[in-house]
């Protein structure tokens, strides 16, 4: 084959490719762009938004959670003869019908979450005729399966009863 025959074959091949390309564009649409239907995407976004709005719990706000760190309590040295005081341990259990609360320490008592504020009110020397001073250490512990809302409600009940040294602990 000569150079002119090779050049002619290339031109025909390019023309055939160009025709195929234009046929594909015509099948897709005149502009050659792939269009995306945005309306269905907006519908999906609104459905997901609606799902989160419907499943969100709009409970009362939490109070400030104060972290108590060992060794940072004042600058005074502790008395070596001081008898250690066991903290009031409030264990929030997994909900069956309602969350159960177990008080450990000197009290060893089990109650429900709805009765906890009244019981703590009676135990506090500030608000009732109780045995525990307002600066008594109180630790709220969540057992396995306890809901976060119940733990926060127990924390708020302890703070509402007038106890000032409240912390969150972990089950050991």
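The values are calculated or read from the model by the stated rules, or taken from the named source; none is laboratory data. It should be emphasised that the depicted structure is a prediction, and the values quoted were computed from it without experimental measurement. Positions of Cβ are backbone-derived with ideal geometry, glycine not excepted, and every protein chain shown enters the neighbour counts.
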Look through the stretch 122-133, keep the residues that are assigned to a loop (DSSP other than H, G, I, E, B) and exposed (fewer than 15 other Cβ atoms within 10 Å of the Cβ), and return whichever of them is modelled with the highest pLDDT.
-> 133
Given the conditions (1) exposed (fewer than 12 other Cβ atoms within 10 Å of the Cβ); (2) modelled with pLDDT under 80, and given that residue 63 satisfies all but one, which numbered condition is not satisfied?
-> (1)
Return a yes/no flag: does the stretch 29-52 have any residue that is farther than 24 Å from residue 166 by Cβ, at pLDDT below 80 and part of a helix (DSSP H, G or I).
-> no
Scanning for something modelled with pLDDT of 75 or more, over 21 Å from the mean Cα position of the chain (by Cα) and either in the same structural domain as residue 141 (by TED's automatic domain parsing) or over 19 Å from residue 160 (Cβ atoms) (or both), does the stretch 71-78 turn up at least one residue?
-> no
Check on residue 143, surrounded by fewer than 20 Cβ atoms within 10 Å (Cβ to Cβ), over 20 Å from residue 85 (Cβ atoms) and either at pLDDT below 80 or touching a helix residue (DSSP H, G or I) at 6+ places or on another chain (Cβ under 9 Å) (or both) = no
Pairs, first in the same structural domain as residue 121 (by TED's automatic domain parsing) in the stretch 139-168, second part of a helix (DSSP H, G or I) and surrounded by fewer than 15 Cβ atoms within 10 Å (Cβ to Cβ), C-beta under 8 Å, six or more apart | 142/148
